[in-house]
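Each reported figure results from applying straightforward, stated rules to the coordinates on display, with no laboratory input. In this text the structure is predicted, and so the values were computed from the model without any measurement. Backbone-built Cβ (ideal geometry, glycine too); neighbour counts: all protein chains shown.
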Amino acid sequence: MKWADTTDPESFRAAVTPKTRAIFVESIANPGGIITDIAAISAVAKEAGVPLIVDNTLATPYLTRPAEHGADIIVHSLTKFLGGHGNSIGGAIVDCGTFDWMASGHYPSLSAPCPSYHGITLAETFGNFAFAIACRVLGLRDLGPAISPFNAFLILTGIETLPLRMQRHCDNAFQVATWLLAHDKVAWVNYAGLVENPYNRLAKRYCPDGAGGVFTFGLKGGYDAGIALVSNVKLFSHLANIGDTRSLIIHPASTTHRQLSDEHRERAGAGADVVRLSIGLEKCRHHRDLDQAAGRRLRLCYRERLVARAPQMEERGGEDGDGAGLMGETELDGHGQEQRPDAEGRLQ
Ligand SMILES: Cc1ncc(COP(=O)(O)O)c(C=O)c1O
């Protein structure tokens, strides 16, 4: 396997050799947040006579349809946004039916007679869905990665609400990223939905409805600040998954990427200061939680909070708002619910 630079389609051209059998990219890269120029890399794949495989997990078909930009095969982790609830593990392979396996001659398991299936040639018999069939009749038969029926049911139920969830993930992520950008403890924010982001132009082309629900940011306080933030959040769950309905947080340098050297961590986009967020569907409480976890404000007891909020409530004409200007004034339990105080105004 050879690595190329996702931000530079020419680097793919330079990496192609006679042994190349496929080009693999992510539509939105996890955790780097790069938006891939799928059409440009597809042109390289076509020149090289190899299929382009796109991992569309972070974008989902709601935001990006890679087949419309020249992908030949699309893969999804269903464990993330498609299932959406973090309750089932699964994957999907989409054969776009665009690659001519017979013409190439480099894929004998598809273009030559298959002795374990009475000598049929899969690409001849199944035409433009030969790869999908091969995944089942060769991959599934030989390796056995069958999804459990109950997980399939949960994932299909999740997919039914994908458009609603995905838009909310994107809208919430945009708000949190914008808010973090102005936070005095934050060094940088990498979210392609922000106009300042180097991938914003590609985001407008490939995912005009939103740049997804996952992004990274850097804490000025570095490694220790990352650990402290993750330890103190209440709305966010500390999890290595992404794409749940709930908001998730992780400090990769002290967890998922802990075993790497400093240099390798940097190269993987998991430097000491990096925090990754997967923004959930909660109603606009993320910034309050991050703010209190970063230790920026003293939290007030409930009675003081009511007094402090009274003028704003009048101005805004109600209790429920977008939370702007009220940061750090609410205590949240582990599920993001406000806690009620006891008789002395203490929170349990
Ligand atoms: C972009 C992307 N693709 C695939 C996977 C693998 O997912 P799974 O664990 O469901 O196989 C991940 C996991 O983080 C991912 O981020």
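Things to note:
- D (Stokes-Einstein, µm²/s), Kirkwood Cα radius, region 114-234, 1.567 mPa s at 4 °C: 69
- Reduced Cα scattering model of region 162-316, Debye log10 I(q)/I(0), q = 0.11, 0.16, 0.18 Å⁻¹: -0.47, -0.93, -1.13
- Residues Met102 and Ala182, FRET efficiency given R0 of 56 Å [Cβ-Cβ distance, rounded to 0.05]: 0.50
- When each of Lys2/Lys220; Lys234/Lys283; Lys2/Lys80; Lys185/Lys234; Lys80/Lys283 is checked by Cα-Cα distance, pairs over 24 Å: Lys2/Lys220; Lys2/Lys80
- Between Asn200 and Leu156, the contour length at 0.36 nm per residue exceeds the alpha carbon distance by 12.7 nm.
- Region 26-118: C-alpha gyration tensor shape, a/c 1.5 cut-off, then a/b vs b/c: oblate
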